[in-house]
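Please read the structure below before turning to the comments.
The values are calculated or read from the model by the stated rules, or taken from the named source; none is laboratory data. Keep in mind that what you see is a predicted model, and the values were worked out from it rather than measured. Positions of Cβ are backbone-derived with ideal geometry, glycine not excepted, and every protein chain shown enters the neighbour counts. These area figures cover heavy atoms from the full protein model, side chains too; ligands, DNA and RNA do not enter into them. Shrake-Rupley method; radii C 1.70, N 1.55, O 1.52, S 1.80 Å.
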Amino acid sequence: MNVSRTGTTHPPVRAGTRGSPLALIQTRTFLRLLAGVPGAGPAQEVIIATTGDAVQDRPLADIGGKGLFAKEIHEALLDRRIDCAVHSLKDLETELPAGIILGCTLPREDARDVLILGGNCGTPDPAQPLAALPPAARVGTSSVRRQAQLLHARPDLQVASIRGNVQTRLRKLQEGECQASMLALAGLRRLGIDIPNAIVLNPEVMLPSAAQGIVGITIRADDTALQDRLAAIEDPASRTAATAERAMLAALDGSCRTPIGGLAQLLPNGDLMLTGVVARADGSFLLRRTMTGKPADAFRIGTDLGAILRAAAPVDLFG
């Protein structure tokens, strides 16, 4: 137990996490932030194996969707084996299990995607990043969102499904399974990986996944004491962006088979601009829309933009 200067006693906080190198870095960052809260007390990471990590030979949509990255962790949370859980928020389902809430969001890392070129690609040109890919190049990614936007811009490309952590994907590129690969810039930065032949993609070229670059902490809804402590490390800008992007995703009700991208940005005048994309996996259809409003209306903006995209897209897109 830890007794704060106010006399409040806090038990150790057990933070559940996946076991990948990136997940552990994110969890340890969270624990450091929590340790800086007066009277926070001791904390420890608890590694929990998830189905999403265990099954690597099939597309995520075929085994139950991205919720499988949190299923076992949230079971441990509800069973009180842990007190909170640390997630890449883009991997967290929009509808959380009963009794679990999003306790806080940490400062967002750069949300953009990165195109990593193999040795037989052309010279990187930030102004025309996809031009560096040879005709019919094989690009490795497990994301239907990335696949759809790539093929919409370059129908000649081939996409190879590659799953695994960052290190696994980079190794497969080096071994020649593909001529290029795509990763989130946030993950590379958090891991301290600098890749010289990588091109950061402007959101106009490749719209990120909703909540990409944001670390979210889930807790039990009845744990008001921990919720109060997490308020001290909450990042309001990340919370606003996550609220808008996840509300849009929920309104679209897309599965892991539906290519969806979303990015909320604060404008210089203080307004919130949300951009959303829906597409077919083969790139034959892509719809992009933007909505602007006040940050306080983030949930409504996301819900409204999701409804607009859904109404304008083919019905079978969300089957």
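Structural remarks
- Around the Cα centre of the chain, unit charges on the Cβ atoms of Lys, Arg, Asp and Glu (plus for the first two, minus for the last two) sum to a dipole of about 240 debye.
- Signed unit charges on C-beta, dipole axis of the range 136-199, positive-most listed residue A160, L185, Q174: L185
- On full extension, the segment bounded by R80 and Q174 gains 29.6 nm, given 0.36 nm per residue less the C-alpha separation.
- Remark: relative contact order (the range 74-229) = 43 percent; criterion is Cα-Cα distance under 8 angstrom and separation of 6 or more residues.
- Applying 1/(1 + (r/R0)^6) with R0 = 41 Å to the Cβ-Cβ distance of A160 and R32 gives a FRET efficiency near 0.65.
- Computed from the C-beta positions of S284 and L191 and an R0 of 45 Å, the FRET efficiency is 0.80 to the nearest 0.05.
- Highest-MSF residue in the chain out of L183, L226, L305 [GNM, Cα springs under 10 Å]: L226
- DSSP assigns beta bridges within the chain; of those with both partners inside it, close to 75 percent run antiparallel.
- Measure of compaction for the chain (Cα Rg per 2.2 N^0.38 Å): 1.01
- Only one residue of I195, G283, P208 has its Cα farthest out toward the positive end of the dipole of the chain, where Lys and Arg carry +1 and Asp and Glu -1 on Cβ, and that residue is I195.
- Carbon + sulfur, % of accessible area of the chain - ligands and nucleic acids excluded, 1.4 Å: 52
- Stokes-Einstein D (µm²/s) once Rh is taken as the Kirkwood radius of the range 224-273 over alpha-carbon pairs, at 20 °C in 1.002 mPa s: 166
- Calculated P(r) tail over 19 Å for the range 71-184, as whole % of Cα pairs: 56
- Burial order of peptide ranges 18-24, 168-174, 36-42 (average beta-carbon count within 10 Å, highest first): 18-24, 168-174, 36-42
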